[in-house]
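The values are calculated or read from the model by the stated rules, or taken from the named source; none is laboratory data. These numbers were taken from a predicted model, which means no experiment stands behind them. Every residue, glycine among them, receives a Cβ derived from its backbone with ideal geometry; neighbour counts consider all protein chains shown. These area figures cover heavy atoms from the full protein model, side chains too; ligands, DNA and RNA do not enter into them. Shrake-Rupley method; radii C 1.70, N 1.55, O 1.52, S 1.80 Å.
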Amino acid sequence: ALIPAFIITGYNWLWALGYYGTTFAEHSGLKNQGVSVEDLTKVTTYFAEQASDLSVKMERDGEGHFIERGFWQDYEGLYDNLEAEFPFLKTKALRPKPMLYSKFMSIIGFTGFYFPFTGEANVNTDFPPALQPETISHELAHQRRVASEAEANFVGIAAAISSDKPVY
């Protein structure tokens with residue numbers, strides 16, 4: 001009876017309390033002021049242009065499909081520029097882990113998860129490799145104590161676009 005209590009208490013202390021702490025928005029001073037249609041159009045155009053420009057830099061197979069090469073090892077430094085702007089994000093990132101039970105993760109609809117007991121970013125590999133770098137950057141945001149899924153998405157994308165790593 002004590003083991004489940006220790007596990008639940010550990011989870012709460014190591015992770016769940018983060019949902020009630022200071023958010024990324026509060027730490028950074030950034031405000032959510034809503035988005036106009038014009039701003040949404042601009043950012044959508046920006047990302048479409050970036051995807052188009054960077055797509056020619058990606059290695060592809062004979063059929064033109066993206067080939068995974070190195071992004072599992074090239075995570076180090078992904079957050080350097082964002083950490084320079086927001087020092088509270090600085091931490092030693094642990095290597096993201098491709099999961100052996102990725103098929104099961106796909107069945108339950110998970111692309112990744114953060115394991116607070118070890119601080120690991122765990123990533124499902126049972127979906128297109130071109131989408132996996134985003135999941136890695138998102139899970140690395142959780143390593144930086146960004147608890148909210150929406151904020152982890154924002155921080156992960158901000159790290160990726162401010163890095164010098166085209167695959168991210």
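Odds and ends about this structure:
- Counting Lys and Arg as +1 and Asp and Glu as -1 over every other residue whose Cβ lies under 13 Å from the Cβ of GLN73, the net charge comes to +1.
- Using a cutoff of 8 angstrom between alpha carbon atoms and counting only pairs six or more residues apart, the relative contact order for the stretch 119-168 works out to 35 percent.
- Averaging Cα coordinates gives a centre for the stretch 63-94 and one for the stretch 100-168; these two points are 11 Å apart.
- Each of LEU94, GLN132, ALA152 was placed along the dipole of the chain (beta-carbon charges, centred on the mean Cα), and the one lying farthest toward the positive end is LEU94.
- Residues whose amide H lies under 5 Å from that of GLU120, counting only those 5 or more places away or on a different chain, are PHE115; hydrogens are built 1.01 Å from N in the peptide plane.
- Calculated FRET value between PHE104 and ILE7, using beta carbons and R₀ = 30 Å, to 0.05: 0.90
- Restricting the stretch 58-96 to trypsin sites (Lys or Arg not before Pro) that sit in a DSSP loop and have at most 14 other Cβ atoms within 10 Å of their own Cβ leaves ARG69, LYS90, LYS92.
- Taking only the Cα atoms of the stretch 10-90, the radius of gyration and Dmax are 18.5, 49 Å.
- Cα gyration tensor shape of the chain, rounded if a/c is under 1.5, else prolate or oblate by comparing a/b with b/c: oblate
- Remark: the stretch 48-168 carries 55 Å² of accessible area per residue (probe radius 1.4 Å; ligands, DNA and RNA excluded).
- Signed unit charges on C-beta, dipole axis of the stretch 1-95, positive-most listed residue MET58, THR41, PRO4: PRO4
- Cβ-placed point charges (K, R +1; D, E -1), dipole of the stretch 1-65 about Cα centre in debye, nearest 20: 320 debye
- This model, with +1 at the C-beta of Lys and Arg and -1 at the C-beta of Asp and Glu, gives the chain a dipole about its Cα centre of some 500 debye.
- The mean sequence distance of close C-alpha pairs (under 8 Å, at least 6 residues apart), as a share of the length of the chain, puts its relative contact order at 25 percent.
- Modelled spin-label separation between GLU134 and ALA16, with each label point placed 7 Å from Cα along the Cα-to-Cβ direction: 3.0 nm.
- Couplings 3J(HN,Hα) of the stretch 70-79, computed from phi: x, 5, 5, 9, 9, 6, 5, x, 4, 9 Hz, in residue order, whole Hz [Karplus 6.51 cos²θ - 1.76 cosθ + 1.60, θ = phi - 60°; x for Gly and Pro].
- Segment HIS27-ASP164, length gained on full extension (0.36 nm per residue, minus Cα span): 46.9 nm
- Accessible carbon and sulfur surface of the stretch 80-154 relative to its total accessible area, %, 1.4 Å: 63 percent
- Cβ-placed point charges (K, R +1; D, E -1), dipole of the stretch 88-164 about Cα centre in debye, nearest 20: 280 debye
- Peptide ranges 118-125, 38-45, 132-139 listed from the most packed, as the mean C-beta count within 10 angstrom indicates: 132-139, 118-125, 38-45
- Anisotropy class of the stretch 92-168 from Cα gyration tensor, a/c 1.5 cut: oblate
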